[in-house]
Amino acid sequence: MSPTPIKPRQIMLNGLWRDNPIFRQILGICSTLAVTNVVLNTAVMCVSLTLVTALSCWTVSLLRNWTPRNIRMMVQTLIIAFYVIIVDLILKAYWPEMSRNLGPYVGLIITNCIVMGRCEAFAGSNPPRLSFIDGLFSGLGYSFVLLAISVVRELLGMGTFLGIPMPYFSGAYWDKWIIMVMPPGAFFALASALWICRSIGAKEVKK
Amino acid sequence: MTSIGHEVWMAVVTCFAAIFTQNILLTTFLGMCPFTSVSREVKTAAGLGAAVVFVMTCTTVLNWLAYQYVLIPLGLEFFRFILFIIIIAAFVQLVEMIIDRYSPTLYQALGIFLPLITVNCAILGASLFMVIRGYSLIVTVGYGFGSGVGWLLAILAMAGIRQKFNEAKVPKGLQGPGITLIIAGLMALAFVGFTGVLS
């Protein structure tokens, strides 16, 4: 099995934009919707997810020649769960408050389709170094969309950024859009992000 | 006796809360991936939804037992992610075999989506919520069943709306998942209306 050679640069671009997990492949949107009401939570979640994705892809790729094909899903899940447990324990030990805020969503990285998707689609048939880059940049692609959404939601919904009141939005003349930090706002914000990104993408294809 | 009666009452309340005020899909956003991809037809949506109700009720109970009687005595609570996933995967395999045996049409329609229940975050999420909120066994039954029914309700409504929606003109960038999310947002708005009905 000789995979077609692919350049690291191309992998980075794919992860960040062309195959962006969120608005291209619509993967892993559960956590996208759930944690984006506050920027700080989102940032922690993004770091966790990016680390888990990169490291699991690297491990899956290292073990790819020794993993029997028919149990590979199970092996991948266990590898991902291993890293998620590490992240979860570190958060619990050093930042219990954040661990409570994120609730079950750190544990749910295990079933996050991005991690599984990258392991299955890329790491299973590519060398460790490239897989690591692929996982890392898919994670970053996920992160930048999430951060953008969370900035908008926190600003419109609570008039703050990272908990600091913002000049115009926290004033009396700005009626806070409470709905933005509630569940429905998550759907609308993600749909708008999707719309914007896809429209830009469509223009690029036309050129 | 009264304590059991109270437990059962709590279970019923939790069940209704899980369906309406804390719908697992519309307020905690779990199980979004199949929700957006399998909601094109009412029939398949109903099949998958029924499978989710069944799997979720059974796995939350199994996971509760495993957590209380295996992990806590051994002090291995951090191991719950792996144990839950394994229990869920094994259980889904079982359901798959049963559907394959008794309803080949449903099996064909669902195709690749059945194994996806394993990585359906709603299933694992329900188990994790159950642990975090510290439910008792009877309440867990109500919670698992209610969450499943809530999910079924949401995906059925979505599939119904999407079928009516086929001929509508949707802006290009919004077609497919985009418009699904907006409909889901409107549904979530409607469910916000239930807040405060149960306390």
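Details
- Region A:57-123: C-alpha pair distances exceeding 17 Å, %: 44
- Computed over every Cα-Cα pair of the protein assembly as shown and binned at 10 Å starting from 0, the pair-distance distribution P(r) comes out as 5, 21, 32, 28, 11, 2, 0, 0 percent.
- With all pairs of different C-alpha atoms in the average, the Kirkwood value for the hydrodynamic radius of region B:155-199 is 11.8 Å.
- Of the chymotrypsin sites (Phe, Trp or Tyr not before Pro) found in region A:104-207, those that fall in a DSSP loop while having at most 11 other beta-carbon atoms within 10 Å are A:Tyr168, A:Tyr173.
- For chain B, the longest principal axis of the C-alpha atoms and the axis of helix B:80-102 are separated by about 60°.
- The simple spin-label model puts a point 7 Å past each Cα toward its Cβ; for B:Val13 and B:Phe79 those points are separated by 3.6 nm.
- Calculated diffusion of chain A, Stokes-Einstein form, Kirkwood radius summed over Cα pairs, 10 °C and 1.306 mPa s, µm²/s: 88
- Expressed as a fraction of 2.2 N^0.38 Å, the value expected for a compact globular protein of N residues, the C-alpha radius of gyration of chain B is 1.07.
- A Förster radius of 45 Å combined with the Cβ-Cβ distance from A:Arg24 to B:Leu137 puts the calculated FRET efficiency at roughly 0.55.
- In this structure, A:Asn70 and A:Lys7 have a Cβ-Cβ separation that, at R0 = 45 Å, corresponds to a calculated FRET efficiency of about 0.90.
- Annotation: amide H of A:Phe161 within the under-5 Å range of A:Met166, sequence separation 5 or more or interchain, hydrogens built in the peptide plane.
- For chain B, the longest principal axis of the alpha carbon atoms and the long axis of helix B:177-192 meet at an angle near 50°.
- Volume per residue of the convex hull around the Cα atoms, evaluated for region B:50-106, comes out as 67 Å³.
- Helix A:39-62 and the longest principal axis of the Cα set of chain A meet at an angle near 0°.
- Its Cα gyration tensor gives region B:115-191 an equivalent ellipsoid. The semi-axes, each the square root of 5 times an eigenvalue, are 31, 13, 11 Å from largest down.
Values quoted throughout were computed directly from the atomic coordinates according to the rules given, and no laboratory measurement underlies them. Small disclaimer: the values here were computed from a predicted structure and weren't measured. Don't worry about glycine lacking a Cβ; one is built from the backbone with ideal geometry, like all the others, and counts go over all protein chains shown.
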